[in-house]
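To start, the structure itself, in structure tokens.
The values are calculated or read from the model by the stated rules, or taken from the named source; none is laboratory data. Just so it is clear, the structure is predicted and the values come from calculations on it, not from any experiment. Glycine also receives a Cβ, built like all others from the backbone with ideal geometry; neighbour counts cover every protein chain displayed. To get the accessible areas, we keep the full protein, side chains included, count just its heavy atoms, and leave off ligands, DNA and RNA. Shrake-Rupley method; radii C 1.70, N 1.55, O 1.52, S 1.80 Å.
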Amino acid sequence: MTSSDDRKVLMARIGAAHGIRGEVRVKPFGSDPLSFADYGTLVTKDGSRSFEVEKARVQKAVVITRFKGLTDRNQAEELNGVELYISRDQLPEPEEDEFYYSDLTGLAVIDQGGETLGKIAAVQDFGAGDLLEVRPQRGNTFYIPFTKDFVPEISLAEGQVRVDLPEDYFSEGAPEPSEGAPER
């Protein structure tokens with residue numbers, strides 16, 4: 001990773017304004033919804049803007065946040081969609097079998113036969129668990145569940161993940177019924 005953008009980690013995304021005093025709804029990324037406020041100054045990916053959390057409180061699935069210098073609803077509305085980052089070196093080293101999403105992006109995806117399927121474009125969570133979004137050399141991206149069964153081996157040092165996909169993973173249509181299972 002050479003550019004400074006590669007060393008930034010997405011912590012949260014600012015959403016809609018909340019009230020008339022400059023507060024905003026923030027969608028945090030991480031297991032602790034308030035953790036984005038613990039790292040001091042947050043910046044945009046290009047580093048052109050910085051934000052310091054003055055106050056934050058959890059409300060349902062978002063964190064109502066007041067940033068220093070943000071005093072009215074008009075200012076707050078202009079920030080909708082802004083992503084907030086910190087430098088990767090501000091984060092503690094992950095435990096064994098824990099990974100930061102940003103460390104996985106760009107890793108080669110290798111199947112059990114040694115064939116390269118593509119590179120990890122992103123880690124997504126649409127509500128049913130983490131998915132690796134894989135960008136093949138040609139064609140559309142596809143998803144692999146980010147579980148130990150599907151991704152048994154991750155090597156940051158080698159820059160790759162090994163995946164174990166069912167034989168019919170890329171086939172279209174309904175899976176074949178297994179023996180003894182009633183057909184529908």
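Quick one: would you say Glu78 is at pLDDT 95 or above and exposed (fewer than 14 other Cβ atoms within 10 Å of the Cβ)?
yes
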Flagged in segment 81-93 as in contact with a Lys or Arg (Cβ under 9 Å, 6 or more places away or on another chain), loosely packed, with under 11 Cβ neighbours inside 10 Å and assigned to a loop (DSSP other than H, G, I, E, B), in numbering order, are Gly81
Per the filter on segment 59-70, residues open to solvent by 80 Å² or more (accessible area, probe 1.4 Å) and modelled with pLDDT of 95 or more are Lys68
Tell me whether segment 102-111 contains one or more residues that are open to solvent by 90 Å² or more (accessible area, probe 1.4 Å) and either in contact (Cβ under 8 Å) with a residue 12 or more places away in the chain or part of a loop (DSSP other than H, G, I, E, B) (or both). no
Among (1) surrounded by 13 or more Cβ atoms within 10 Å (Cβ to Cβ); (2) under 30 Å from Ala16 (Cβ atoms); (3) of a type in the set (A, V, I, L, M, F, W, C), Ile154 falls short only on (2)
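Per-residue answers, yes or no, for (1) in a strand (DSSP E or B); (2) free of Cβ contacts under 8 Å to residues at least 40 places away in the same chain; (3) surrounded by fewer than 16 Cβ atoms within 10 Å (Cβ to Cβ):
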residue: Glu95; (1), (2), (3): no, yes, yes
residue: Lys119; (1), (2), (3): yes, yes, no
residue: Gln124; (1), (2), (3): yes, yes, yes
residue: Gly127; (1), (2), (3): no, yes, yes
residue: Leu131; (1), (2), (3): yes, yes, no
residue: Val134; (1), (2), (3): yes, yes, no
residue: Gln137; (1), (2), (3): no, yes, yes
